[in-house]
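All of the numbers you see were taken from the coordinates with simple rules; none came from a lab. Just so we're clear, the structure is a prediction, and the values are computed from it rather than from any experiment. All Cβ positions, glycine included, derive from the backbone under ideal geometry; neighbour counts span all protein chains shown.
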Amino acid sequence: PGATHSRPARHRLLKTSFSVNVVTVRTARMPMIPMVAAAAALAFVVACSGVQTASASENGAYYKCLPLTDDYCVFQKTEEAPWSEIGPHEVDPAMGDALHRKVVKSDGSSLMPSPKPWTQGDDVAESTAEVNGNDWMWTLAAEIGFPLRNDVMYSPADIDADRWAALTMAFNDCHVKQEDEEFTLPGGSATGTAYSVDHVWEIIQDPAGNDVSTGCPAACGEVHNAVLQFLEEGVVDLVCLMVPASNLRAMDRCVHMRALWALADDEAADCWMAGYRAIWGLDGEAEIETGTVKVVAGDYDEDNSSGVGGGASTAAVSAGALALAAVAAAVVGRRGV
């Protein structure tokens, strides 16, 4: 867990998923029920007991596993993908000074904090102008999330136990993705399991021989869906804690996560800092510039969220899904940028 690994700036990633409101129940580990279609790959499903909401994306059909001779699931694009090629996010804190790096889209324009998942062509780039406040915290979140996604999607064979501990330290320290959880879509159209940090590690190391897949390549789709769901949901939870932007705080998922840490509206939690240092090989006491955002230790307690984001009926969740359809339409507008 204390291991640090310095990685070259070969990081740049994509996203995939089709996400919806769900009812989630704490559960013991159980096999994942295969998706009806690759386009229904689930993401932004809830990581708490109770009801959560999320926006949606069309990218679920854009990726599949390309098993190598050693049976790791390496992501490749499908014929449906709108991009001519895919690859990892570009990200390296050494490319620019603190407060002078930003998240950008494929055309080089700034990508502002939002609940929309990152997609192909989103990178971290140097900025001549100062980047501060929520925009800077968004950049720091990308410098955690991009390396994790890059390694998992494109270089899974290079991830050893120490590297995995570093990549997921922020998740573990911030109490993100700590348990497997069963979910049911509104109307009972599908059910499945959202996997924990430990379970996803097992899946990555042995995609053809775990309880998610019965073998590659025939059942590798189940593997890439499970992994992408983990990546997207986990990063969303982390962003909720790191970026106190009003458009994020309003999301049910963020309401729940921030309540767990008893964060005020203008506060961000500091639980991610050790993980950031571990990913980039920084000294354990290295200072991380957080700009003007108030970063606090927080007071994590599962009881903090009692009554927050939970307790709604399935009917209420279904109604919420209809309301989120309009949001989903806006989210889909980013596809292919």
ask   = Which value in nm describes the separation of the simple spin-label points at Lys294 and Asp198, placed 7 Å from the Cα toward the beta carbon?
value = 3.7
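Quick one: length gained pulling Asn304 to Asn247 fully straight, 0.36 nm per residue minus the C-alpha distance?
Details: separation 57, 0.36 × 57 = 20.52 nm, distance 2.18 nm.
Value of the extension gain: 18.3 nm.
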remark   = Here the relative contact order (percent) of region 77-179, from C-alpha pairs under 8 Å and at least 6 apart, is 26
message = Suppose the chain between Asp158 and Ala94 were pulled fully straight at 0.36 nm per residue; how much longer would it get relative to their current alpha carbon spacing?
response = 20.8 nm
query = To the nearest Å, what is the center-to-center distance of region 74-126 and region 218-286, using C-alpha atoms only?
reply = 17
task = Mind listing the long-range amide H neighbours of Ala268? Cut-off is under 5 Å, sequence gap 5 or more, other chains count too, H placed in the peptide plane at 1.01 Å from N.
result = Lys294, Val295, Val296
task = For a quick protection proxy, order the peptides 97-110, 116-129 by their average other-Cβ count within 10 Å, most packed first.
result = 116-129, 97-110
